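Presented below is the structure to which this report refers.
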Amino acid sequence: MSAAERVIRGAAALGTGLGLTFRTMFRRKVTVRYPVEKLPTSHRFHGLLSLPIDPETGKDRCIICFQCERICPDRCIHIEAEGKGKERQLSRFDIEMDKCCYCGMCVEVCPTEAIVFVPHYETSTYNRARLLYSHEDLTRAAPKEPIATGIVARRRP
Amino acid sequence: MATGLPPAAGEARSEPQPRRTQIGPLAEVVEVLDSLPGGGLILTTVESALNWGRASSLWPLTFGLACCAIEMMAAFASRFDLDRLGVIPRATPRQADLMIVAGRCSIKMAPIVRRLWEQMPEPRYVISMGSCATCGGPFFYDNYSILKGVDQVVPVDVYVPGCPPRPEALIEGILKLQERIKKEPFLRRQAYAARDGQAGAR
Amino acid sequence: MPLRTEELLLNMGPQHPSTHGVLRLVLTLDGENITDVRPDIGYLHSSVEKMMEHRTYVQNVALTDRGMDYLIALNNEAAYCLAVEALAGVEVPERARYIRVIFQELNRIASHLVWLGTWGIDLGATTVFLWCFRERERVLDLFEQVTGGRLHHVYFRIGGVYADVPDGWTGACRDFLDYFLPRVDEYHQLLTQNPIFEARTRGVGVIGRREAAAMGASGPVARASGIAYDVRKAAPYEVYDRLEFDVPVQTSGDCLARYLVRLEEMRQSVRIIRQALKDLPAGEVRARVPVAMKPPRGEVYVRTESPRGTLGMYVVSDGGETPYRVKIRAPSFSNLYALTEMMRGWKIADIIAILGSIDIVLSDVDR
Ligand code: SF4
Ligand code: SF4
Ligand code: SF4
């Protein structure tokens, strides 16, 4: 290939490439200006875990079956209970949110939908200890109105 | 370090810090100003201007370890475009102020992470992105090769949980860090560090 | 008289902006020419095979996402689930198999897009990176609507998939495919004709057919050297035998060939997804599998075609709740072998192009 030919080919390729770039300039922008505008997350988004309060009873729906603790692949749920029979209640329900891998297995196995994902992801902290979510934090993390997590409704057959 | 093992948490902090201060001869001026009546006000004003500048041009090190790095790349790419916040990746630690530890850090990698951090100029910040960098995450139990949290080798300023955190979550972590930088008594800390002969930037 | 220089050892990595992770290359240089390359791996070793022995079969799905190749979480899950299903004799419902194929192919597109974008940056074409990630975000949106995760999904389960796709998702997926095909042409326009790009890739990093086979290369690396081998065709799993698609093959074995193969693969993936969406049967998406499943004693090896090559999964069961042994045949690991062969004789500046073109993921190499 002669030098002139190379120059012409290069210029042509540059023209094609830049032409494409300029055309793109007038397309719709894809950038989301994050802190100002936020994208909606999907209904099934694996955000923070929470124990929503049942408005009828004023308590969470956990029946202390330890299923979620057993299935958790990261072993980051810690449940303790005290009392017998009807009086049995949670004395500890902690989730180490720093260890959690947001896999959703606990949500899947829970028989009463007591533990759910909430579409909330802005949880960074200055202090790692703050990522240990106690029962209180978990109930507080839940939104006030009931959430449609979609994926919860279709639990294992 | 020669053994390839990371230093224990306590050890890392007690190592003599290299003397690095960015304001050099100005340190005395700052000190005198600080002792004058009304000088504190001037210092604070200057400081907030400086801090605004520092917070708005955080340059992170392009440094990815595992899966979280892909989400970090996504945060730099078209949709989230971290350049809007003045966060422009630098390929060398010597030009970076921020290290985003994105992903799990193995024991073999730990000394290198530490060395990269040491090569960064003061003041430097670390964001630990994802469960693995924060505490080992999914690789905490039954595992012989992953460090249980990168804060064993470098001091971490902001923890971003998630596996992987969404790019928005990372951006939120960076915003949190900016907030913290804006409140920092940067000048005075540097001045006293220069006087005491140690760069105690943290 | 030719100038003789002393041999020089150069370390590249583990932290290097263009090593795509934490790979360390020990280069032996003669002047600017590479005489030998020794990859030093293990900087991301996460002992996932060992960890799997301590977790139940059901829990391990969450680990396959993370411990193996993280760009192709769904392909990993599929390989693992196929292996355990073969071991335990679980029958997967038809709809679930189609859904799995759709998601594996979507993940192939997403993975190739990341590869193209990062390789573009390596070669100095930043626009490609931004464009690829623009398209990739749309794939991730599709994922998020169904699986709830962007990168790690834990969506496939032993015996099917977690939940059916939501209403209207198939339409959204078709929209994406219509949007995506012209974009592949745009990448062609942007890169393939470009003389700079061509100069840096044509004839660079050649690996012949015989060497590629001898090194155990698979996937696009092997197909670019003329080995028309694709597990989806050779030993169809899921429902690939019912779908029509071509296996793109190039014969030159250089970086350009690998690039062309991958671009064509994206097109073929679109074709597969279109067919699968059309044929998608109704019905259940999940077979009944107990949480504490105990597959009978035995062993199984399953091959799948991941975007990087042949992904093998070898699972041994001793009849207990946890696998006795899991061995992963990682495609990146074998392809990394071929790297030495490709790089010998080239200049330092070509390393980046060659290393990028074989598309390794260090998490897959080290496991
Ligand atoms: S989401 Fe997964 S890792 Fe997190 S608590 Fe639930 S089961 Fe454990
Ligand atoms: S599975 Fe549900 S009901 Fe059972 S202990 Fe966990 S949260 Fe409570
Ligand atoms: S936190 Fe999750 S996504 Fe991030 S490196 Fe660890 S396993 Fe990967």
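A few points about this structure:
- Subset of segment A:77-108 (residues that are under 22 Å from residue C:73 (Cα atoms) and within 14 Å of ligand 2 (Cβ to nearest atom)): A:100, A:104, A:105, A:106, A:107, A:108
- Test: residue in segment B:86-100 that is in a loop (DSSP other than H, G, I, E, B), without any contact (Cβ under 8 Å) to a residue 24 or more places away in the chain, more than 10 Å from chain C (Cβ to nearest Cβ) and open to solvent by 10 Å² or more (accessible area, probe 1.4 Å): no
- Counting only helices (runs of 4 or more DSSP H) that fall entirely inside segment C:193-268 and contain at least 3 residues that are away from chain A (no Cβ under 14 Å), the qualifying elements are C:209-214, C:220-223, C:231-234.
- Of the listed requirements (1) surrounded by fewer than 24 Cβ atoms within 10 Å (Cβ to Cβ); (2) not in a helix (DSSP H, G or I), residue C:139 misses just one: (2).
- Within segment A:93-119, the residues that satisfy the criterion of being within 18 Å of residue A:81 (Cα to Cα), open to solvent by less than 10 Å² (accessible area, probe 1.4 Å) and part of a strand (DSSP E or B) are A:93, A:95.
- Residue among C:91, C:85, C:49, C:32 that is more than 10 Å from chain B (Cβ to nearest Cβ), of a type outside the set (Ser, Thr, Tyr) and under 19 Å from residue B:137 (Cα atoms): C:49
- Filter result (at pLDDT 85 or above, not in a helix (DSSP H, G or I) and not aliphatic (A, V, I, L, M)) within segment B:44-77: B:57, B:59, B:60
- Residue B:38 open to solvent by less than 30 Å² (accessible area, probe 1.4 Å) and either within 14 Å of another protein chain (Cβ to nearest Cβ) or without any contact (Cβ under 8 Å) to a residue 60 or more places away in the chain (or both): no
- Residues satisfying the stated conditions in segment A:33-81, i.e. more than 30 Å from residue B:80 (Cβ to Cβ), without any contact (Cβ under 8 Å) to a residue 60 or more places away in the chain and of a type in the set (D, E, K, R): A:54, A:56, A:59, A:61, A:69, A:70, A:75, A:80
To keep it simple, each residue is scored yes or no on (1) closer than 28 Å to residue C:359 by Cα; (2) at pLDDT below 90.
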residue	(1), (2)
C:270	yes, no
C:282	no, yes
C:286	no, yes
C:290	no, yes
C:298	no, yes
C:301	yes, no
C:316	no, no
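- Only one of C:322, C:251, C:304 that is closer than 19 Å to residue C:96 by Cβ and either crowded, with 20+ Cβ neighbours inside 10 Å or of a type in the set (Val, Ile, Thr) (or both): C:304
- Filter result for the condition that a residue is under 23 Å from residue C:154 (Cα atoms) and either at pLDDT 85 or above or open to solvent by 70 Å² or more (accessible area, probe 1.4 Å) (or both), over A:88, A:70: A:70
- When B:156, B:160 are screened for being modelled with pLDDT of 75 or more, on the phi < 0 side of the Ramachandran plot, open to solvent by less than 10 Å² (accessible area, probe 1.4 Å) and not acidic (Asp, Glu), only B:160 passes.
- Any hit, segment C:348-366, residues being assigned to a strand (DSSP E or B) and not hydroxyl-bearing (Ser, Thr, Tyr): no
- Checking each residue in segment A:17-37 for being part of a helix (DSSP H, G or I) and surrounded by 13 or more Cβ atoms within 10 Å (Cβ to Cβ) picks out A:17, A:20, A:24.
- Residues being in contact (Cβ under 8 Å) with a residue 60 or more places away in the chain and either in a loop (DSSP other than H, G, I, E, B) or more than 10 Å from chain A (Cβ to nearest Cβ) (or both) - total across segment C:157-186: 14
- Against the test of being within 14 Å of chain B (Cβ to nearest Cβ) and within 30 Å of residue C:323 (Cβ to Cβ), the options C:118, C:147, C:126 yield a single qualifying residue, C:147.
The rows are residues; the columns are (1) buried (at least 24 other Cβ atoms within 10 Å of the Cβ); (2) of a type in the set (A, V, I, L, M); (3) touching a residue at least 24 places away in the same chain (Cβ under 8 Å).
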{"residue": "C:55", "(1), (2), (3)": "no, no, yes"}
{"residue": "C:60", "(1), (2), (3)": "yes, no, yes"}
{"residue": "C:63", "(1), (2), (3)": "yes, yes, no"}
{"residue": "C:103", "(1), (2), (3)": "yes, no, yes"}
{"residue": "C:122", "(1), (2), (3)": "no, no, yes"}
{"residue": "C:125", "(1), (2), (3)": "no, yes, yes"}
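- Under the condition of being away from chain C (no Cβ under 14 Å), out of contact with any Cys (no Cβ under 8 Å at 6 or more places or on another chain) and open to solvent by less than 40 Å² (accessible area, probe 1.4 Å), the residues counted in segment A:43-61 number 4.
The values are calculated or read from the model by the stated rules, or taken from the named source; none is laboratory data. The shown structure was predicted, so the numbers you read here are calculated from the model rather than taken from an experiment. When we count neighbours, we look across all protein chains shown, and the Cβ atoms used for this are built from the backbone with ideal geometry, even at glycine. These accessible areas exclude ligands, DNA and RNA; they are computed on the full protein's heavy atoms, side chains included. Shrake-Rupley method; radii C 1.70, N 1.55, O 1.52, S 1.80 Å.
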